[in-house]
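These notes are about the structure you will find just below.
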Amino acid sequence: MEYHLKPLGKTCAGTGKLLAPGSQCISVVVDDGTELKRLDYSKEGWKGPPEGTLAQWQCAVPTPVDVKKRLLNPDALMNYFDQLTEEANPLQEKLRYILAILLMHKKRLREEGTRSSGDDEFLQFTATQGEGAYEVRNFHLTDEEVAELQDSLNAHLAVEAGNFEQEAA
């Protein structure tokens, strides 16, 4: 059985106030009868475990990392997109979707249309520099899912940038 819980939230489930970076918080997993939910509480907002609590733990609210903003290199993004296309890993299909949208905004992919197959919709793209034609499942992601995938993409690009800087040295 597979469970998907959101990462640490930004606000306290008890007070509605922002969780202070560096502070301790209490996180719980609650079964509300239809799904499992993660709730995060500040020390101030903690009144004990809510009804339906299956697990609880204490953790630190991470402090923001000062990441130097880099311009996204469309060639590096296209290479990563090609890599994900060749690997055809179903676990990374959503990341590939995010990359396709980003590459469309960067003018490296051009949307040519859509195709339906059962309940699934696929976006059809052609590469503007002759790389080929691509088809990507349209996931209609929530803002939260997009943010999580952007974090994953940023982490990958940071590793790649570090590897590039080491090779250049």
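The values are calculated or read from the model by the stated rules, or taken from the named source; none is laboratory data. No experiment lies behind these values; they were computed from the predicted model shown. Counting neighbours? That spans all protein chains shown, and the Cβs are built from the backbone with ideal geometry, glycine included.
Number of residues in region 8-35 that are surrounded by 13 or more Cβ atoms within 10 Å (Cβ to Cβ) and either closer than 21 Å to LEU149 by Cα or in contact with a helix residue (DSSP H, G or I) (Cβ under 6 Å, 6 or more places away or on another chain) (or both) equals 3.
Of everything listed in (1) assigned to a strand (DSSP E or B); (2) at pLDDT below 95, the single unmet condition for ARG96 is (1).
Taking the conditions exactly as written (surrounded by 14 or more Cβ atoms within 10 Å (Cβ to Cβ) and not basic (Lys, Arg)), does ALA147 satisfy them or not? No.
Between LEU102, LEU123, the distinction of being free of Cβ contacts under 8 Å to residues at least 60 places away in the same chain, among the aliphatic types (A, V, I, L, M), out of contact with any Gly (no Cβ under 7 Å at 6 or more places or on another chain) and over 17 Å from LEU153 (Cα atoms) belongs to LEU123 only.
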